[in-house]
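Data first, discussion second: the structure below is written as structure tokens.
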Amino acid sequence: MIAPSRGAGGNDPSRAAGGDKGDGSGLRWWAAFSSSPTLRLVVRRILVAIPVMVGVTFLTAVLLNLLPGDAASALLGADATPQEVHQLYLKLHLNEPFFVRYWQWIVGVFHGHLGASLQNGQPVAQIIGQRLPITFELIVFASIVMLLISIPLAMLCARRPGGVVDRITMVLSMGFLSVPQFVLGLIFVLVFAVIFRVFPALGYTPITQSVGENLRDFTLPAFSIALPLAGFYVRLLRADLIEQMESQDYVVTARAKGFGSWYILTRHAFRNSLIGFVTIFGLNVATLFAYTVIVEEIFGLPGLGYALINGVGDRDAPLVQGIVLVLAGIVVIVNLLTDLTYGVIDPRVRYGRSAV
Amino acid sequence: MAALLSETETQILPEAVLEEIPVRRGRGWVRSLDIYIPGVFLLALLFVCFIWPYLYTIPPPVGGSILDAGLPVGSPGHIFGTTAVGNDVMSRLIYGGRTSFEIVFAVQGLGLAVGGLIGVMAAMMRGVAETVAMRLLDVIIAFPAFVLVVVIVLGLGASEINLIWALAVISVPTFARVARAGAVTVRERTYVVAAELSGSKRWQIALRHVVPNIITSLLTFAVLGAGVVVILEATVSYFGYGIPPPGPSWGNMIATGQTTMSARPSLLLIPCITLLITVIALNTLSEGMRRRWGAVR
Amino acid sequence: MFIGAGMASLVVAMVLMLIGTGSMASAARSHDLANVAAAHTTSSAHTTSSAPPCPYCGGVTPKEGGSMTVLEWTGYEGSWPGLDPETDTDGGADISYLDAIFGELFELGPTGANVDDLATGYKFTNGTKTIDVFIRKGVKFSDGESFTPTAVAADWKADLTTSCSCKPTFDQKTTPVIKVIPGGVSITLQYVDASFISAMQGSIFNWIVAPGALAKEGAAKYAITPVGAGPFEVVSDTPSSVLVLKKNPHYWQTGLPYLNNLTFKSVANTEAAYEAMLAGAGQAYEDISSPSLAKSFGSHFTLTSEPSTSPYDIQVNTSIKPFTNITARKAIYYATTAKLLDTKLFGGKTPVGESFEAPAGKFYEQKVPGYIGYTLSKAKAIVKKLGGLSFTLFTIENVQAQEMDEALQTMYEDAGMHVTLKEYTLTALVAEFETGKWQIALQTAGAYTPATGVGVAFRFTSHSPFSGVHSTQLDTLLEEAAGTTDTSVRQKYYDDAAALIAKEAWGPFLFPINGYDTVIHNAGGPGLSTPLAAVDVVPAILWEYAYNNNS
């Protein structure tokens, strides 16, 4: 799914920035063609992404095909007769061999058609077009909330490890990590929608209709995702900051120069910790998507995650493959952006000859 | 779904997340309290779940009498009340804990054994084999984990053993990454390089030097991920793909309790709080273990 | 550290949860007051209303205008694929949307009788083999196209080839002949079908597609934005999530529908629906089956128990051991105490019955001569004599059915039987029936009229794949019943059929399915605030009469 993924060592900037050395030799000519290393990185990534994305959709198709039951019987339900099921089976072309169906689909994709949903004949591209913005907004909103919570809190904790702020934060973060998301979502609804009536319990207003209403609708879902995430990231960042402050030479140097702890923490240590932070964040975009499945269901948001789970239940292969393809594309793009961010965060990392 | 993410994420940077409080300067037994307290608590919990029912008669977790349906908390003979069909909640908690612990042990055990093996082998083989193995694992890790679990359970049918296979598909690659990360640091150490130069076979080096060095960090990691597995199981149950009722598990108790939360809050709160305490104990234990035995640096 | 962290997290979590569950009641109460207050102010503001009176709204005078959001459970009604009746494979569950958009030829009214809607009556001719259905004149589809007999005939012809399980269950071996006649449409069947008109309830024949719009939009687009002649027209549709409807300006009844806007939203489960309604995110919820949650709804909203037409039944497979033996089947009767199940699981709201209909069904009889009641000692004696009785009891994967299965298991084990439980999803359930190897199942059997839908024929005739009984005697009785238009004669046949089932011990009946609909105070309509008979499992709410006096 994730094409040119970064290595395991998130703390290892050389790996994080370089990676994948050697397997791009077939594209050397491109280096001569383009003098911009950044552009070269972008193009190489996109070319590598194509076979990976095809592979991921193929894997999805194989898995779906292995499942018992087919779209015809899934769609018709319990009171259908075998004849009715057979009729629909033929109508949906499910009698054609699996490879033929996949081949037709993937050829269509290269011609710009994602096919039509087996459930209602709606074009998959249209379904994704309607639902992607919702999932996208949810993920972006949740990520922003998460960053706004976890970064300042982690700094406050790292400033005085074992202090009051630190202890409370650590306890809360563990609490949020220990409650299943679907319980957390319902509790939020109870507290903020039923009792205080500050946010709606269900539904969504398109951003084109009213920005304010839209943000209000997304607040509870976004926090349901962001708080457990923040619980995780605040621990991550805090631990890394403390390690930087305790063991790094540059901290000692800075202290010797007479800079205060807070200054060193925000200017130096934070900047260094950020690379690991960004790497993991980028790697986990695919997993972040799993969060949205539950939240979309609880808050009645017509997003992609819910369509995907429903599609699997209905054995709706074109829909599921289409969504997986789009997700794979997003993961590739986010990883690329992550790599490009390294250069901004850490001036030592620039995409010169050796780095790509 | 905190679970899904942290299961994957913690594997990527386990060291950093494990570290809660920097090494304190306590001494002796005081320093070890953070191992003993959660350790004793968890052992007691395991005792109650696995041995207690043999020593002392408790009501069965399923097949309760319909006459006892829907009793509130504190009813005589049913301290935590009964479910809508008359099953004793306390008993379901105990037997459900058994199911949940079985799943945790199996999933983390498979992860530790199979994933650990893959990770160490990848690190020792180096070169193309290592790259290929790790990239394949990357694909699985980056695939939306929840979708993968649902597809596997749908394919194999909902049961405890199939749920274990499905969850192991996530735990194996993540353990493999942790194992490889640890093995890579060990293999660069001077004495390992020396052993290699002096002609020791790779598998000998792996057994003598690498495995003993990374085993504690893998164990610590397994303990940390245990709570995550229970939450994951609950989430899968919420979508109807978990342990099929009436057989209890903490996960499906939370999932079914949630559906009547406003009418019978105790059916949700009891398993939720039990899970919460257990997860906290597991986290504290894994931190304690890490602090005590350290990790590969 | 551990103790500190543990206790503190625990306290935080508990406080959060307790705030949630504990103070919900008081918050909701104040909400109700707000509703009442809102109702007062609006009623004084709009004194002039030209809305026609509602015949089925329990004496309430609905006001014109306003809007309503109806919540639907995602596991059944709340996941609709597309809303073109020809391609909607899920039509039986989508009654609400299809009725609102397409209207109906005949509605099932509160008195349990067919009420003319887009049709104006029917007539049996040709020795009752031909049915002439007359179509209302001057009706227009919501896009302005005329609603003609030609459109109805074209729709019916297309219906015969569709793959929805909601097409009418004709027991015919040849394709019916459909013709346009002056002022209506005629359909000629091979055999007489006395319940043809009743069978149209909840079936695809009742929803007429606008031919012009279908041709213009194409099938795929039409499935998302269908055009019909019902009280509402589609504004937007996100399948299985949100369906937004607005008043159809061309609707044939002047002054109706009362509502300007009607929105359907899918919700995760009944608990989520309850919270959403408390928070004001929805005004109504359909099909509550959990009695404990129904009670919660009832304390804040108008709760209506819908007259049921289907009872739960225990189906046995008479071709597979051990139930080839009538003594074993009798043991099941002796060991089943429907009364206790009803009281403990459902609060004993509905009367325990002995036949395949429920009180709102057309041919309901509570008592059946020769029906074997609960006698545990006799069940025990039989099991002992048979040297034990083991079997697998299966049902569909939903909370209510599973709970009942668990309770049945306990009952049967009390009688010394050994019971294994199995739950299947819809798809797997169908597959299980098709194997023919199943032993015993908890199901529902019944419909507004027994010949239709998931009725007695569906569960008990030789040729149904979902039946465990193969008796020509029973088949004949049910065929005769379906072929007779005289109600009292039909009643006789059905009574005989029920008696035969009891005599042969082909499976005990339990009690009617309990379904509740709920709506906020000062809002409602037939099926929401006043009871309406269920078609199969849920009633077809008459949306043109739905109102919300709060807005």
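The values are calculated or read from the model by the stated rules, or taken from the named source; none is laboratory data. None of these values were measured; they are calculated from a predicted model. Ideal geometry is used to build each Cβ from the backbone, glycine not excepted, and the neighbour counts take in all protein chains shown. Each accessible area value is taken on the protein alone, full model and side chains, heavy atoms only, with ligands, DNA and RNA left out. Shrake-Rupley method; radii C 1.70, N 1.55, O 1.52, S 1.80 Å.
Sort through C:VAL535, C:VAL519 and tell me the only one that's closer than 22 Å to C:LEU189 by Cβ and in contact with a Leu (Cβ under 9 Å, 6 or more places away or on another chain). Spell out the reasoning first.
Numbers: C:VAL519 fails: closer than 22 Å to C:LEU189 by Cβ.
After ruling out the rest, the residue left standing is C:VAL535.
Go through (1) open to solvent by 20 Å² or more (accessible area, probe 1.4 Å); (2) at pLDDT below 90; (3) under 28 Å from C:ASP99 (Cα atoms) for C:HIS521 and report which single condition fails.
Going through (1) open to solvent by 20 Å² or more (accessible area, probe 1.4 Å); (2) at pLDDT below 90; (3) under 28 Å from C:ASP99 (Cα atoms) one by one, C:HIS521 breaks only (2).
One line per residue, one yes/no per condition, for (1) closer than 24 Å to A:THR292 by Cβ; (2) among the charged types (D, E, K, R); (3) more than 9 Å from chain A (Cβ to nearest Cβ); (4) surrounded by fewer than 24 Cβ atoms within 10 Å (Cβ to Cβ):
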| site | (1), (2), (3), (4) |
| --- | --- |
| B:LEU154 | yes, no, no, yes |
| B:TRP165 | no, no, yes, yes |
| B:VAL172 | no, no, yes, yes |
| B:ILE214 | no, no, yes, no |
| B:THR220 | no, no, yes, no |
| B:ILE231 | yes, no, no, no |
| B:TYR238 | yes, no, no, no |
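Here is a yes/no grid of residues against (1) within 30 Å of the chain's Cα centre (by Cα); (2) surrounded by fewer than 18 Cβ atoms within 10 Å (Cβ to Cβ); (3) hydrophobic (A, V, I, L, M, F, W, C); (4) more than 12 Å from chain B (Cβ to nearest Cβ):
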| position | (1), (2), (3), (4) |
| --- | --- |
| A:SER224 | yes, no, no, no |
| A:GLY231 | yes, no, no, no |
| A:LEU241 | yes, no, yes, no |
| A:MET245 | no, no, yes, no |
| A:ALA254 | no, no, yes, yes |
| A:LYS257 | no, yes, no, yes |
| A:TYR263 | no, yes, no, yes |
| A:THR292 | yes, no, no, no |
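Go through the range C:492-515 and give me each residue that's surrounded by fewer than 23 Cβ atoms within 10 Å (Cβ to Cβ) and among the hydroxyl-bearing types (Ser, Thr, Tyr).
C:TYR493
Residues checked against (1) in contact (Cβ under 8 Å) with a residue 24 or more places away in the chain; (2) within 30 Å of A:LEU308 (Cβ to Cβ):
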{"position": "A:VAL252", "(1), (2)": "no, no"}
{"position": "A:GLY258", "(1), (2)": "no, no"}
{"position": "A:TRP262", "(1), (2)": "yes, no"}
{"position": "A:ARG267", "(1), (2)": "no, no"}
{"position": "A:PHE270", "(1), (2)": "yes, no"}
{"position": "A:SER273", "(1), (2)": "yes, no"}
{"position": "A:THR279", "(1), (2)": "yes, yes"}
{"position": "A:LEU288", "(1), (2)": "yes, yes"}
{"position": "A:TYR291", "(1), (2)": "yes, yes"}
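What is the number of the single condition among (1) open to solvent by 40 Å² or more (accessible area, probe 1.4 Å); (2) part of a helix (DSSP H, G or I); (3) within 14 Å of chain C (Cβ to nearest Cβ) that A:PRO161 does not meet?
(2)
Condition first: within 18 Å of the chain's Cα centre (by Cα), under 17 Å from C:SER198 (Cα atoms) and assigned to a loop (DSSP other than H, G, I, E, B). Now tell me which residues in the range C:486-543 satisfy that.
Once the filter is applied, which keeps residues that are within 18 Å of the chain's Cα centre (by Cα), under 17 Å from C:SER198 (Cα atoms) and assigned to a loop (DSSP other than H, G, I, E, B), the range C:486-543 yields C:LEU532, C:ALA533, C:VAL535, C:ASP536, C:VAL537, C:VAL538, C:ALA540, C:ILE541, C:LEU542.
Is one or more of the residues making up the range A:280-290 at pLDDT 75 or above and over 24 Å from C:THR74 (Cβ atoms)? Outline the logic, then answer.
Step one: of the range A:280-290, the residues at pLDDT 75 or above are A:281, A:288-289.
Next, from what is left, pick out any that are over 24 Å from C:THR74 (Cβ atoms): A:281.
Scanning the range A:280-290 turns up at least one residue that is at pLDDT 75 or above and over 24 Å from C:THR74 (Cβ atoms).
Within the range A:111-144, can you find the residues that are touching a strand residue (DSSP E or B) at 6+ places or on another chain (Cβ under 6 Å) and of a type in the set (A, V, I, L, M)?
The one that is touching a strand residue (DSSP E or B) at 6+ places or on another chain (Cβ under 6 Å) and of a type in the set (A, V, I, L, M): A:ALA116.
Return a yes/no flag: does the range C:303-319 have any residue that is farther than 30 Å from C:THR392 by Cα, surrounded by 18 or more Cβ atoms within 10 Å (Cβ to Cβ) and within 14 Å of chain A (Cβ to nearest Cβ).
no
Out of the residues in the range B:248-282 that are more than 11 Å from chain C (Cβ to nearest Cβ) and not in a helix (DSSP H, G or I), state the one that is nearest to B:ILE37 (Cα to Cα).
Filtering first and then ranking leaves B:SER249.
Quick one: in the range A:129-144, which of the residues that are β-branched (Val, Ile, Thr) and open to solvent by 10 Å² or more (accessible area, probe 1.4 Å) is nearest to the chain's Cα centre (by Cα)?
Step one: filter the range A:129-144 for residues β-branched (Val, Ile, Thr), giving A:134-135, A:139-140, A:144.
Adding the requirement that they be open to solvent by 10 Å² or more (accessible area, probe 1.4 Å) leaves A:139-140, A:144.
On the way: A:ILE139: 7, A:VAL140: 9, A:ILE144: 13 Å.
The residue in question is A:ILE139.
Hey, among the residues in the range A:54-66 that are away from chain B (no Cβ under 11 Å) and among the hydrophobic types (A, V, I, L, M, F, W, C), which one's surrounded by the most Cβ atoms within 10 Å (Cβ to Cβ)?
Here is the first cut: in the range A:54-66, the ones away from chain B (no Cβ under 11 Å) are A:54, A:57-58, A:61.
Now restrict to residues that are among the hydrophobic types (A, V, I, L, M, F, W, C): A:54, A:58, A:61.
Values: A:VAL54: 15, A:PHE58: 15, A:ALA61: 21.
It comes out as A:ALA61.
Return the total of residues in the range C:217-246 being among the basic types (Lys, Arg) and at pLDDT below 90.
Narrowing the range C:217-246 to residues among the basic types (Lys, Arg): C:221, C:246.
Retained after the next criterion (residues that are at pLDDT below 90): C:221.
Residues in the range C:217-246 being among the basic types (Lys, Arg) and at pLDDT below 90: 1 in total.
Of everything in the range A:325-342 that's open to solvent by 30 Å² or more (accessible area, probe 1.4 Å) and either of a type outside the set (A, V, I, L, M) or within 10 Å of the chain's Cα centre (by Cα) (or both), which residue is farthest from A:GLY112 (Cα to Cα)?
Among those that are open to solvent by 30 Å² or more (accessible area, probe 1.4 Å) and either of a type outside the set (A, V, I, L, M) or within 10 Å of the chain's Cα centre (by Cα) (or both), it is A:THR341.
Please note which helices (runs of 4 or more DSSP H) are completely contained in the range C:394-474 and include at least 3 residues that are open to solvent by 30 Å² or more (accessible area, probe 1.4 Å). Quick ask: steps written out before the conclusion?
Numbers: elements: C:399-414, C:426-435, C:456-460.
Result: C:399-414, C:426-435.
Can we say C:PRO176 is touching a residue at least 24 places away in the same chain (Cβ under 8 Å) and away from every other protein chain (no Cβ under 14 Å)? Don't jump to the end; show me each part of the working.
On the way: touching a residue at least 24 places away in the same chain (Cβ under 8 Å): no; away from every other protein chain (no Cβ under 14 Å): yes.
It is false that C:PRO176 is touching a residue at least 24 places away in the same chain (Cβ under 8 Å) and away from every other protein chain (no Cβ under 14 Å).
Looking at the range B:37-149, what helices (runs of 4 or more DSSP H) fall wholly within it and have at least 3 residues that are in contact (Cβ under 8 Å) with a residue 60 or more places away in the chain?
On the way: elements: B:52-55, B:89-110, B:116-125, B:127-142.
In the range B:37-149, B:89-110, B:116-125 are the helices (runs of 4 or more DSSP H) which contain 3 or more residues that are in contact (Cβ under 8 Å) with a residue 60 or more places away in the chain.
Look at A:GLU213 and say whether it is surrounded by fewer than 18 Cβ atoms within 10 Å (Cβ to Cβ) and either in contact with a Leu (Cβ under 7 Å, 6 or more places away or on another chain) or closer than 30 Å to C:ALA272 by Cβ (or both). Let's see the steps before the verdict.
Working: surrounded by fewer than 18 Cβ atoms within 10 Å (Cβ to Cβ): yes; either in contact with a Leu (Cβ under 7 Å, 6 or more places away or on another chain) or closer than 30 Å to C:ALA272 by Cβ (or both): yes.
Judged against the criteria, A:GLU213 is a match.
For the range A:67-86, does any single residue satisfy the condition of being more than 8 Å from chain C (Cβ to nearest Cβ), crowded, with 16+ Cβ neighbours inside 10 Å and modelled with pLDDT of 80 or more?
Within the range A:67-86 (the criterion being more than 8 Å from chain C (Cβ to nearest Cβ), crowded, with 16+ Cβ neighbours inside 10 Å and modelled with pLDDT of 80 or more), the answer is no, since none of the residues qualifies.
Among residues belonging to the range A:170-208 that are more than 7 Å from chain C (Cβ to nearest Cβ), of a type in the set (Val, Ile, Thr) and open to solvent by 10 Å² or more (accessible area, probe 1.4 Å), point out the one that is nearest to A:MET155 (Cα to Cα).
A:VAL198
Only one residue in C:ALA213, C:ALA194, C:ALA158 is out of contact with any strand residue (DSSP E or B) (no Cβ under 9 Å at 6 or more places or on another chain) and more than 14 Å from chain A (Cβ to nearest Cβ). Which one? Before the answer, list the steps.
On the way: C:ALA194 fails: out of contact with any strand residue (DSSP E or B) (no Cβ under 9 Å at 6 or more places or on another chain); C:ALA158 fails: more than 14 Å from chain A (Cβ to nearest Cβ).
Only one candidate qualifies: C:ALA213.
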